[in-house]
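The values are calculated or read from the model by the stated rules, or taken from the named source; none is laboratory data. Note that the structure is predicted; figures quoted are calculated from it, not measured. Counting neighbours? That spans all protein chains shown, and the Cβs are built from the backbone with ideal geometry, glycine included. Note: areas computed on protein heavy atoms with side chains; ligands, DNA, RNA excluded. Shrake-Rupley method; radii C 1.70, N 1.55, O 1.52, S 1.80 Å.
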Amino acid sequence: MASQGTKRKHYHVLSDSSKEPPLTENTIIEQTKDIMTRVDEKIQGIKNEDETKNELHSYIVEAISKMNKNNSNKKIIGILGESGQGKSSLLNAILEKRNLLPSGCFGACTAVLTQIEANLTDSNYTADIEVIPKENWESHLKNLFALSTESDEENKNLTNDTREKITALYGENAEKRTFEDLKNDDKFAEITNHLSSSNASDFARQLQHYIQYSPGAVSGGWYWPLVKCVTIKIPDCHELLEHITLVDLPGTGDCNKIRDEMWKSKLRDCSSVWILSDMSRAVTSKDTWEILKYCTKDIMQAGECRDIHFICTKSDNIEPEEYNSVLGDKIPEDDEDLTTKCILHRNDQAKKTILKTFENSHIKKEMDIKVFTVSSKAFFQHKLGLKADDTEIPKLRDVLKNMNKRINKDLNRGCVAEAEAVISLIQSKTIAETEVHNVLERSLEKALEKLDCQFDMLRRMLSQRLSNGVEKSKLSCRDAEEIISPYLPHGHGGFHKILQALCINGGRHRSKAWNTVLDLNECLTKHMYENIDVVFSSIFPTSAKTGLSVQELIDKFTIISSDSAHSLSPMLNFIKAQEEKQKKTLKEEVVNRKKKIYTSIQETIKTAMAPHYEEAAQETGEGSMKRRQTKLLDAIDTLKSLMFENAKQEVLKQSDELMDYIKKNLEDVLKTSIQHSFAQRRKITLLDVSSEVEMLKRLSVQLSDQD
């Protein structure tokens, strides 16, 4: 009785909403749940209508379960930048947790992918540790030993990598131990997969062993070489991260194949990317722009990124007199605020220069670009002379808050709309609309036929561009010789080890000595991607409307005409809601599948070349480099007549599967919705849900008024 009294109080507030303050979004959702629960109680009170009761009950249960926002898919923001650019400090400032994430991480630890989310369950700091499979570490360890046997320049870097990892994990002089000895030293058994603490400092001390490289630590027990991913959950940051995950992505991946593939996969899931660069090098740093160039395809054609935030860090790191001396219009040096004014002036110039760099780029045409100049240090240390707003940390916090609010509002609107639709289904049960039933079925048939023709047109466009790419790839695949057998000027020794590492890692190797990433698979697929990129971006754009995109065709699909005489029927409200819900689900599926479609070209080539990489990697001894080169070049000559055609067919196959999936799902869901709508009016005794319908309409209006 008490709970019913509470519900009546809620309904009273709704019935006189003009005299009450606006309801919060959480209150609106809670009242929507109350209304749905009340309707479900009415349904359960119906006798001898088991089949109908169960159907309506299932709709209500599904609608209520979707109001649990904790189960929603989180939006991912990827944070890119080389070590030393201030990523940890920036995240600490944004979270207002000064020493939470260890700063100054460098070396191989940048390969540890770190995710940051809100802890929505309690007030503890927690971390879930995901490690690489033990057999993968043993294979990687074996390769490290194999690549560290000679004294050339490239090998020195490989040896340093090996020493960093082995010493951190196994302790001092571990690099002198044998592979078999280290293999039997089971460090996996020591790892704690879940960390938790109510104290931020204690948590940070536990965490550092899994994500931080400490060059002074020679006692072992630093587990980052074994870590694949760390997911950190922070309390008291609902308004920032309730629906968002921040992902600290290593700059350009890691030679460990497992982590590199995870890095690329996570990057493709980012809806926004933040690129960090030290202010002193933001405009001129080749590394920063190389990261962006390297990632472009993964965040656009193979991803879902909608905006890029270019973040210049350490804006307070300036010598004011030196900076002022090169200005045409100098700031008076006796000005007490010289440092602050120089910082703000440089910030403004950096923003203009970086935006100008993007002005004519294809990236600018497809996504939103913003530039921020931040000082994490000054955000915490107010004595440095910068106001909090000047550090631009509050601006980035607002970016997260606003994004979080938009996601929350979209979820809430969907919840209320679905509740209205379910109640409309119940309300429509007594309306005799057999004619509408026939009209809707004919409309569905015509809409599917039209969609099929549109999809067929897109397939022909894609097929033509793929065919062009296949022919050019067959003629030009010897471009790969520049990677396999490059001209080696003085000072670029050690290529035999680079080539061995490339073969071991499936066709890709990042050379620290040469400061470049060598990717043979990417080279082989270059012409196919060049030929399909424009068309692919039209069919599967990141955000812009092209008039040809699959998402737009789904948006336009409908079986209910707005000028129909029956368009206001309560029954059609349910069908329309089911249509919109399915279209939203399908558009999300399109985004997920388009990534696989685009990357299938390189995956097909990589799979075809895999056994030849393995075979070439086995070559040892005198003349091994020449034999590797010959094996790889011969393999490409042998495979080229088929592997590019296979790549084309795989793209078309996956595209066809997606389009068939869209048509079948629309057909199945809408046919079922039509049948359920008309079945209810013949099966169920009249229920009075008019008051609930009115309440939901008022809640929907209040939600819209909050924009």
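Before moving on, here are some points about what is shown:
- Scanning the stretch 240-260 for residues that are at pLDDT 65 or above, more than 15 Å from the chain's Cα centre (by Cα) and not in a helix (DSSP H, G or I) yields one hit, E242.
- Restricting F380, F372, F358 to those that are open to solvent by less than 40 Å² (accessible area, probe 1.4 Å), more than 27 Å from S549 (Cα to Cα) and touching a helix residue (DSSP H, G or I) at 6+ places or on another chain (Cβ under 8 Å) reduces the list to F372.
- Residues within the stretch 184-207 that are in contact (Cβ under 8 Å) with a residue 40 or more places away in the chain and open to solvent by less than 50 Å² (accessible area, probe 1.4 Å), tallied: 8
- When the stretch 271-295 is filtered for residues that are open to solvent by 10 Å² or more (accessible area, probe 1.4 Å) and at pLDDT 85 or above, the ones remaining, listed by number, are S271, D278, M279.
- Close contacts from the stretch 530-556, counting a first residue that is under 17 Å from K595 (Cβ atoms) and a second that is among the aromatic types (F, W, Y) and assigned to a helix (DSSP H, G or I), with Cβ to Cβ under 9 Å and a gap of 6+ residues or different chains, come to I532/Y598; F536/Y529; F536/Y598; F540/Y598; V550/F455.
- Residues (surrounded by 19 or more Cβ atoms within 10 Å (Cβ to Cβ), over 16 Å from V669 (Cβ atoms), modelled with pLDDT of 90 or more and not hydroxyl-bearing (S, T, Y)) located in the stretch 542-580: V550, Q551, L553
- Of all residues in the stretch 610-619, none satisfies being under 29 Å from the mean Cα position of the chain (by Cα), open to solvent by 20 Å² or more (accessible area, probe 1.4 Å), at pLDDT below 95 and farther than 30 Å from L56 by Cβ.
- Flag if T638 is under 30 Å from V535 (Cα atoms), open to solvent by 50 Å² or more (accessible area, probe 1.4 Å) and among the β-branched types (V, I, T): yes
- Subset of the stretch 385-419 [modelled with pLDDT of 95 or more and charged (D, E, K, R)]: E392, K395, R397, D398, K401
- Failed criterion for E153 (all others in (1) open to solvent by 20 Å² or more (accessible area, probe 1.4 Å); (2) at pLDDT 90 or above hold): (2)
- There is no residue in the stretch 655-676 that is open to solvent by 50 Å² or more (accessible area, probe 1.4 Å), in contact with a His (Cβ under 9 Å, 6 or more places away or on another chain), in a helix (DSSP H, G or I) and not polar (S, T, N, Q).
- The residues in the stretch 296-327 that are among the hydroxyl-bearing types (S, T, Y) and surrounded by 19 or more Cβ atoms within 10 Å (Cβ to Cβ) can be counted, and the count is 2.
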